[in-house]
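What follows is calculated from the coordinates using simple rules that are stated; it is not laboratory data. A quick note: this is a predicted structure, and the numbers were derived from the prediction, not measured. When we count neighbours, we look across all protein chains shown, and the Cβ atoms used for this are built from the backbone with ideal geometry, even at glycine.
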2 protein chains.
Amino acid sequence: MIDGLEWIAVDWGTSRCRAWAMGSGGVLAEAHSGDGMGTLARDGFEPALLRLIAPWLGADPVEVIACGMVGSRQGWAEAPYRTVPCPPADGTTAPAPAQDLRLTVRLIPGLRQLDPADVMRGEETQIAGWLAQAPEFDGVLCLPGTHTKWAQISAGEVVSFRTFMTGDLYASISGHTVLRHSVGDGWDEAAFADALDTALAKPEALAARLFAIRAEGLLAGQAPGAAAARLSGLLIGAELAAARPYWLGQNVAILGGASHVARYATALAHQGVTAQTAEADTMTRAGLAAARQHLKESA
Amino acid sequence: MIDGLEWIAVDWGTSRCRAWAMGSGGVLAEAHSGDGMGTLARDGFEPALLRLIAPWLGADPVEVIACGMVGSRQGWAEAPYRTVPCPPADGTTAPAPAQDLRLTVRLIPGLRQLDPADVMRGEETQIAGWLAQAPEFDGVLCLPGTHTKWAQISAGEVVSFRTFMTGDLYASISGHTVLRHSVGDGWDEAAFADALDTALAKPEALAARLFAIRAEGLLAGQAPGAAAARLSGLLIGAELAAARPYWLGQNVAILGGASHVARYATALAHQGVTAQTAEADTMTRAGLAAARQHLKESA
C-alpha cells in the first residue's frame, strides 16, 4: 500500500503494460510487465493489472485510467474510435468491468481517420498531454515508435494524421530478411546521414538500396553497426519523404523515447527543421491526468 | 540406378537443393530436399547430395555440376565471384571435395558488381541458359524471386545488374509486422493494379501506404486477399520505380516460376512493356548443360 495514492495511470499497448501510482505531487511508484494486449484474453486483463498494482492498493477504491490497445476490440473493453478532426481527448471514456470492487477502470478511446484510412490508440493521449502544457500549439507532432504517427494540430484539434510502420519495418527487415546477416550492434552517424539523404533525394531508389546493404557487407566489409545505421537511415528517410507535407516549413515537436527523439531530431535537422522535443511517458501521464480532470469536471 | 545417366545438374540455394538426373535426351529423374546451404556445415554437403542422388548412381563415376549458394564462402567450397561486365558463364568452375569416388563435383561461380555493390549466385546460370538458346539477345532479363535480379545483357555479357529484395520483404512484412493480421489467402487483381500504379506514380508515398493496408482492414473491412494483393503491388511497384532504367523502352524477358512470371508480366504490361518469358528451372538446366559443354571443350 502506498500513502497518498490518488489514482493510477496506465499505458497498455500491444506488447507491454506500464502503470504509475499517482499522488498529488506526481509519480509515487512505477511498475511494468510484458502482459501486452496481444498476449491476453478478455478475462486476463484484470489479473494482469492486479499483478502490477496490488502492492499499491489499500482498502479504499482507486481510479484507474488507461490508454492504448487495452481499449481496442481485442482489449479489456472496446472504447470506440473517435473520428478526426477532433480534440485528442474530450473526456469520453469507456468503463472496463472489474471484479475487484476497489477498482474503477476507464479506457480512453483511440482516433480514426476515414480518408486516407488510419488509426491510433495511445498516441492521442500523448498529444492531449502535450496540449495540456502547450494549449496554443499550432503545428505538427511526430510520435516515433513501432508505428510512427505524424499529426497536424490546430486550434486544439487533431486535424489529420498519418502512420508509418518504420519501427516495425526495421525490426522485421533486420530480423527476418537476408539483412539479418549484415545488421548488428553499433552505429555509424555518417552512414545514417548518407542513407537519409539518399532516401530523401531519390525515394524511388529505396528498393534498390536495401540489398546494397548486404552486398556492401559481402564485398566491402561494411561493419554491422554501419549496416544498422544505413538501414535506419533509409527507412526514416523514406518516411520523411512520404511525410514531407507534415514537416516542410512547419512548426514541429517530437514526442518519444530518448533514442527515437534523437534520431528523428537529427534527421529533421538535416532538412533544416529544428524540432521541439518532449519525453513520451511524461506526455502520456499528462494526457491521462487531463482525461481524469475532464471526468471530474463532468461528474 | 538409372540407365542412360550422363551427368547430374544441381541448383543448390540457401533454403533448398534440387537435382536432376540428365541423359542425352534431357531429364531422367528429379529430386529435391530442404537441405539448403543455410542449414549445412561444410562437411554436410556431400551426405546431403548423396541422400538425393544415391538411387541414381551405379558403379561408374558421374559428373555433378552445381550452381547457387553452394559455391559461396559458407558453401561446400568457394567458387569466387567473377566481376561484371563479363559473360554469365565462361567455363570457370571450382572443384568441391567428395569422399565418394564416383562423384566429380564442380561449382559455378556467381557474379559481383563493384559499384554499386551487388552479387548474384545461381541467376548467372539461368542467364547463361537463356543466352544458350538466344545468343543474340540484347536487352534486359528480369529474374523475380526472393531476391529479384534485373540484368542488362549485351553482346553475350552481363553488363550490369541490380538486386531487389522484393520477395524477402513481402515474406518479412506479411509474416512479422502488424500487417500479418491483415494479409491472408486470396488475391484481388484490381487491388494489385491499383497499388502498383500508386507505388509507380508516387514512390515517395510507399512508407505511408503500408500501414494503410492495416487501417483499411480495421475501418473498411478489406479482405485478406485484397490486402495481400495490395502489399505485393506496392512492393513490386516500388521495385519497378527503382528499376525503371532497366525496363523503360527496353527489350525485356522474365525468367522465373509461373506465379512470379505472371505477376511481373502483368506489372510490366501495365507500363506498356510486353515481356518475353521463360521457365526458370529450364533455364537453370540449360545453363548447367552449357557449363558442362565448356568443361568438355576445355578438357
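Observations
- Rounded to 10°, Cα long-axis angle of helix B:206-220 versus longest principal axis of chain B: 60 degrees
- Think of each Lys and Arg Cβ as +1 and each Asp and Glu Cβ as -1; about the Cα centre, that makes the dipole of the protein assembly as shown roughly 100 debye.
- Temperature 10 °C, viscosity 1.306 mPa s: under these conditions the Stokes-Einstein estimate for chain A, based on its Kirkwood radius over C-alpha pairs, is 78 µm² per second.
- Of the trypsin sites (Lys or Arg not before Pro) found in segment B:58-123, those in coil by DSSP whose Cβ has at most 12 other Cβ atoms within 10 Å are B:73.
- With its label point put 7 Å out from Cα toward Cβ, residue B:27 sits 6.3 nm from the same residue's point in the other copies, in order from shortest.
- The residues packed around residue B:90, meaning those with a beta-carbon under 12 Å from its beta-carbon, carry a net charge of -2 if Lys and Arg are +1 and Asp and Glu are -1.
- Principal axis extents of the C-alpha atoms in segment B:163-279 (largest first, rounded to whole Å): 43, 29, 24.
- Pairwise FRET efficiency - residue B:146 versus residue B:293, Cβ, R0 = 35 Å, nearest 0.05: 0.75
- Shape index of segment A:83-202: Rg/Rh, with Rg the Cα radius of gyration and Rh the Kirkwood radius from the inverse mean 1/r over Cα pairs, equals 1.09.
- Shortest first, residue A:85 label-point distances to identical copies amount to 5.8 nm, with the label point at 7 Å from Cα along Cα→Cβ.
- Dividing the Cα radius of gyration of segment A:7-121 by its Kirkwood radius returns 0.98 for Rg/Rh.
- Segment B:163-279, relative contact order in percent, only Cα pairs under 8 angstrom and at least six apart counted: 28 percent
- Helix A:258-270 vs. chain A, principal-axis angle (Cα, 0 to 90°, nearest 10): 50 degrees
- Euclidean distance between Cα centres, segment B:235-263 to segment B:1-58, Å: 31 Å
- Shortest-first nm distances, residue B:220 label point to equivalent points in other copies (7 Å, Cα→Cβ): 4.1
- Amide H to amide H, with H built 1.01 Å from N, residue A:118 comes under 5 Å of A:113, counting only residues 5 or more places away or on other chains.
- Cα convex hull of segment B:124-175, projected area averaged across orientations, nm²: 3.5 nm²
- Of all the options A:211, A:45, A:161, the one that moves most in a Gaussian network model of chain A with Cα springs shorter than 10 angstrom is A:211.
- Label-to-label distance, nm, for residues given as residue B:42 and residue B:27 (7 Å Cα→Cβ offset): 3.3 nm
- Residue-by-residue Karplus 3J(HN,Hα) for segment A:92-109, coefficients 6.51, -1.76, 1.60, Hz, glycine and proline x: 5, 9, 10, x, 10, x, 10, 6, 5, 5, 6, 9, 10, 10, 10, 10, 8, x
- For segment A:262-299, trypsin sites (Lys or Arg not before Pro) are listed when DSSP marks them as loop and at most 10 other Cβ atoms sit within 10 Å of their Cβ; the list is empty.
- Axis angle, to the nearest 10 degrees, between helix B:224-242 and the longest C-alpha principal axis of chain B: 70 degrees.
- Restricting the GluC sites (Glu not before Pro) of segment B:110-148 to loop positions (DSSP other than H, G, I, E, B) with no more than 16 neighbouring Cβ atoms within 10 Å leaves B:136.
- Structure-based [θ]222 nm, chain B - -39500 (n - 2.57) summed over DSSP H runs of at least 4, per residue, nearest 500: -12000 deg cm²/dmol
- Of all the options A:259, A:174, A:72, the one that moves most in a Gaussian network model of chain A with Cα springs shorter than 10 angstrom is A:259.
- Annotation for segment B:130-147 versus segment B:71-107: alpha-carbon center distance of 21 Å.
- Gaussian network model of chain A, Cα within-10 Å springs - most flexible of A:59, A:269, A:199: A:59
- Based on the Kirkwood approach, the hydrodynamic radius assigned to the protein assembly as shown is 26.7 Å, with every pair of different Cα atoms included.
- Pairs of Cα atoms nearer than 8 Å and 6+ residues apart set the relative contact order; for chain A it is 16 percent.
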